[in-house]
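First the structure, in the form of structure tokens, and then the observations on it.
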Amino acid sequence: ATGGVEEAQQLLAAVQYARSQGAEQVVVWGFSMGAGTALQAALQTDASDDIDALILDSLFLPSPESLFNNVRQYLDLPRFPSLPLVQLMLPFWTGTSFNQIPAQQVMQTSYTIPTFIMHGTDDVKAPIATAEHIASSQLNPLSREWVVQGGKHELLFQTRPKEYIQRAALFLSQVDADWKSNQPTLTASAT
């Protein structure tokens with residue numbers, strides 16, 4: 001794992017492959033780090049031409065603070081020197097430093113792609129504030145957010161399975177209808 005840096009490139013290659021094989025619509029559905037990777041990929045392309053929609057479940061963006069908080073769930077470590085050590089050691093574990101991960105740019109971007117962000121109130125791995133901040137800055141009229149009361153990291157479906165499917169299906173049907181309404185119509189001309 002490289003904090004989404006290399007994974008975003010791999011995702012874009014997968015999207016391009018799907019398009020080259022005839023996919024008319026591509027929806028990226030990312031969980032946890034996969035959701036953060038999807039947003040990093042969307043930064044690197046004219047995403048509206050490549051990705052038609054994003055569904056982001058339990059959105060995680062790597063930062064020194066978020067990684068330190070995850071480690072603290074297993075080890076009761078003091079903030080200092082642990083937090084600076086996390087920053088220092090990341091390149092040894094992943095080959096990527098925090099300054100290569102565009103977390104701030106992701107946090108500040110209003111994506112043109114319809115984006116559905118869902119996050120649980122009891123997510124101890126990914127702060128809900130990150131998901132709420134990103135959701136609040138989206139301007140696409142199809143974009144939405146769903147905060148799942150009691151939802152845990154990547155377990156939102158288990159918390160509310162029927163509602164999860166209904167909300168995802170509604171979002172996808174609206175994206176599909178919007179996509180179809182924006183397709184050019186071909187007219188035959190007589191010569």
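The values are calculated or read from the model by the stated rules, or taken from the named source; none is laboratory data. These numbers were taken from a predicted model, which means no experiment stands behind them. Note that each Cβ is placed from the backbone with ideal geometry, even for glycine, and that neighbours are counted across all protein chains shown. These accessible areas exclude ligands, DNA and RNA; they are computed on the full protein's heavy atoms, side chains included. Shrake-Rupley method; radii C 1.70, N 1.55, O 1.52, S 1.80 Å.
Report whether or not I128 is touching a residue at least 12 places away in the same chain (Cβ under 8 Å) and in contact with a strand residue (DSSP E or B) (Cβ under 7 Å, 6 or more places away or on another chain). The answer is yes for I128. The residues of the range 85-117 that are open to solvent by less than 60 Å² (accessible area, probe 1.4 Å), of a type outside the set (F, W, Y) and not in a loop (DSSP other than H, G, I, E, B), listed by number, are V86, L90, P91, T94, A103, V106, M107, T115, I117. Within the range 134-147, being farther than 14 Å from A35 by Cβ and of a type outside the set (G, A, S) holds for L139, N140, P141, L142, R144, V147. Tell me, please, whether a residue that is closer than 18 Å to K152 by Cα and in contact (Cβ under 8 Å) with a residue 40 or more places away in the chain can be found in the range 39-55. Yes, because at least one residue in the range 39-55 is closer than 18 Å to K152 by Cα and in contact (Cβ under 8 Å) with a residue 40 or more places away in the chain. Screening the candidates D178, D122 for the property of being assigned to a helix (DSSP H, G or I), surrounded by fewer than 18 Cβ atoms within 10 Å (Cβ to Cβ) and either touching a helix residue (DSSP H, G or I) at 6+ places or on another chain (Cβ under 8 Å) or not aromatic (F, W, Y) (or both) yields one hit, D178.
The residues of the range 148-162 that are touching a helix residue (DSSP H, G or I) at 6+ places or on another chain (Cβ under 7 Å) and under 25 Å from S110 (Cα atoms), listed by number, are V148, L156. For the range 85-116, taking the residues that are under 13 Å from the mean Cα position of the chain (by Cα) and aliphatic (A, V, I, L, M), the one that is nearest to L61 (Cα to Cα) is identified as A103. Among the residues of the range 134-147, are any in a loop (DSSP other than H, G, I, E, B), over 17 Å from I55 (Cα atoms) and of a type in the set (G, A, S)? No - not one qualifying residue is present in the range 134-147.
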